[in-house]
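What follows is one structure encoded as structure tokens, with my remarks underneath.
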Amino acid sequence: MNNYLEVKNLSKSFDNFRLHDISFTLPKGYIMGLIGPNGSGKTTTIKLILNMLKRTEGEVKILGLDNIADEQAAKKSLGVVFDSNYFSDDWKVSQVEKSVSVFYENWNTQRFSELLDKFHISPAKKVKELSKGMQMKLMIACAFSYDAKLLILDEPTSGLDPVSRDELLHILSEYIEDGEHSVLFSTHITGDLERAADYITYISYGELFFSGGKDEFVDSFRIVKGGREELSDDLGKKAFGIRDFATGFEALIKTEDIKLFAHLNVEPATIDDIVVFTSKRGEQYE
Amino acid sequence: MKLIISNISGIPIYEQIKQQVKSAIMSGELHADETLPSLRTLAKDLKISVLTVTRAYTELEEEGFVKNIQGRGCFVLSRGSELLKEQLVCKIENSLSEAINAARVAELSGEELHRLLDILMEEKTDE
């Protein structure tokens, strides 16, 4: 099986928000970043994958297994890390192992204690005594101890200092190094993804904006800059978002359109640029 | 082999890897039949995407410098350095014809052009 996660036409309707027709595929051995502004549906998507929310329509396959019909089997190979810790605060780390390990036949006690060592987590400490970064590593240690094949992280880097963020990215790239594990993680700190992610799925206001290779995503946009008098109607039509100010303007355009604006200053766009400019457009339409 | 990725050079990362592998082959630092660093390990070490390294290695293979063998690694081909030399000679030819064209416009004689080349080469050897 080559695809560890397949999401097809996933939809969920709430009273005031609708996640509509989301489809993407994460192959085995790669990291995918799930991006989008706050409130765009990232966490909803993850909760639907985990069957923590009931989907309105669509299909989710985890390592080829349906996430509802084969939920038990699918979750054996699935590790989850949330932005806040889901263990009881008063448990000691050793009690966390006791409580979690009973759910997994292939729990590896030795591996767990090696990981605690590696992450410098003391088994005698209580969960609430651990820093946010440590709590996250504890959740990862649990997932790795039953050899989860697919790791899903929801905003793992928010609230972490740069050192812990770097550590997390290192742990993740080590995890996929053997080509047998995959990672899906949602974030709005796109700098984390700029280098490490192989694929990007970008959800904007409940709609799928893009899903595919990260390089392809970044390459398909450019930032143009110029003086205000150079801001033509044509550019206005082609641009995904324009920021104009007293001394000039910046706009996001498709790379295929740069020929039309070659006389202007054209620069590569970052993931942040793309999210910021495309989301502004969304607001204008609302 | 040394690989340094710059974030501010503006050159895409896969291109930086390609250039540095090529110059390592050219300088003799990488010999024929030697393997390039494992794709996934390199991605981990440089903190870049696996797909970025894959693209660099695939393009190097397409250009005839290396051979990817599934499960065994990416090997430097013996004709890699010859190929590189050929490419460079081609580049020199292009630059020289450009110089000749410019010389024609400037009405420089062949002798003068030769002399100019000699002077420039002398300056380079002095450096």
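Per-residue answers, yes or no, for (1) more than 14 Å from chain B (Cβ to nearest Cβ); (2) buried (at least 18 other Cβ atoms within 10 Å of the Cβ):
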position	(1), (2)
A:178	no, no
A:201	yes, yes
A:205	yes, yes
A:209	yes, yes
A:217	no, yes
A:220	no, no
A:227	yes, no
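Name the single residue that is farthest from residue A:182 (Cα to Cα) among those in segment B:31-62 being in contact with a strand residue (DSSP E or B) (Cβ under 8 Å, 6 or more places away or on another chain) and hydroxyl-bearing (Ser, Thr, Tyr).
So the first thing to find is which residues in segment B:31-62 are in contact with a strand residue (DSSP E or B) (Cβ under 8 Å, 6 or more places away or on another chain), and the list is B:31-36, B:38-39, B:49-51, B:57-58, B:60-61.
Still in the running and hydroxyl-bearing (Ser, Thr, Tyr): B:35, B:38, B:49, B:57-58.
Numbers: B:35: 26, B:38: 18, B:49: 13, B:57: 21, B:58: 22 Å.
For segment B:31-62, the residue satisfying everything is B:35.
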If a residue has to be part of a strand (DSSP E or B) and surrounded by fewer than 18 Cβ atoms within 10 Å (Cβ to Cβ) to count, how many in segment A:7-19 make the cut? 5
Name the helices (runs of 4 or more DSSP H) wholly inside segment A:168-286 in which the number of residues that are aliphatic (A, V, I, L, M) and touching a Pro at 6+ places or on another chain (Cβ under 8 Å) is 1 or more. A:214-219, A:271-285
Go through (1) at pLDDT below 90; (2) farther than 17 Å from residue A:43 by Cα; (3) away from chain B (no Cβ under 14 Å); (4) in contact with a Phe, Trp or Tyr (Cβ under 9 Å, 6 or more places away or on another chain) one by one and return the number of the condition residue A:144 breaks. (1)
Which residues, taken from segment B:54-87, are at the interface with chain A (Cβ under 10 Å from one of its Cβ atoms) and within 17 Å of the chain's Cα centre (by Cα)? B:55
Kindly indicate which of B:27, B:23, B:49, B:38 is within 14 Å of chain A (Cβ to nearest Cβ), out of contact with any Phe, Trp or Tyr (no Cβ under 9 Å at 6 or more places or on another chain), at negative phi and not aromatic (Phe, Trp, Tyr). B:38
With A:160, A:168, A:172, A:116 as the choices, which residue is away from every other protein chain (no Cβ under 14 Å), under 29 Å from residue A:39 (Cα atoms) and either aliphatic (A, V, I, L, M) or surrounded by 20 or more Cβ atoms within 10 Å (Cβ to Cβ) (or both)? A:160
Take the residues in segment A:29-54 that are of a type outside the set (A, V, I, L, M, F, W, C) and within 14 Å of residue A:213 (Cα to Cα), then tell me which one is surrounded by the most Cβ atoms within 10 Å (Cβ to Cβ). A:33
Candidate set from segment A:181-199 (those that are within 10 Å of the chain's Cα centre (by Cα) and surrounded by fewer than 19 Cβ atoms within 10 Å (Cβ to Cβ)); member that is farthest from the other protein chains (Cβ to nearest Cβ): A:188
Pull up segment B:12-55, narrow it to residues that are of a type in the set (Asp, Glu) and in a helix (DSSP H, G or I), then point me to the one that is modelled with the highest pLDDT. B:15
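The values are calculated or read from the model by the stated rules, or taken from the named source; none is laboratory data. Every value quoted in this text rests on a predicted model; they were computed, and no experiment measured them. A quick note on method: Cβ atoms are made from the backbone with ideal geometry, for glycine too, and the neighbour counts reach across all protein chains shown.
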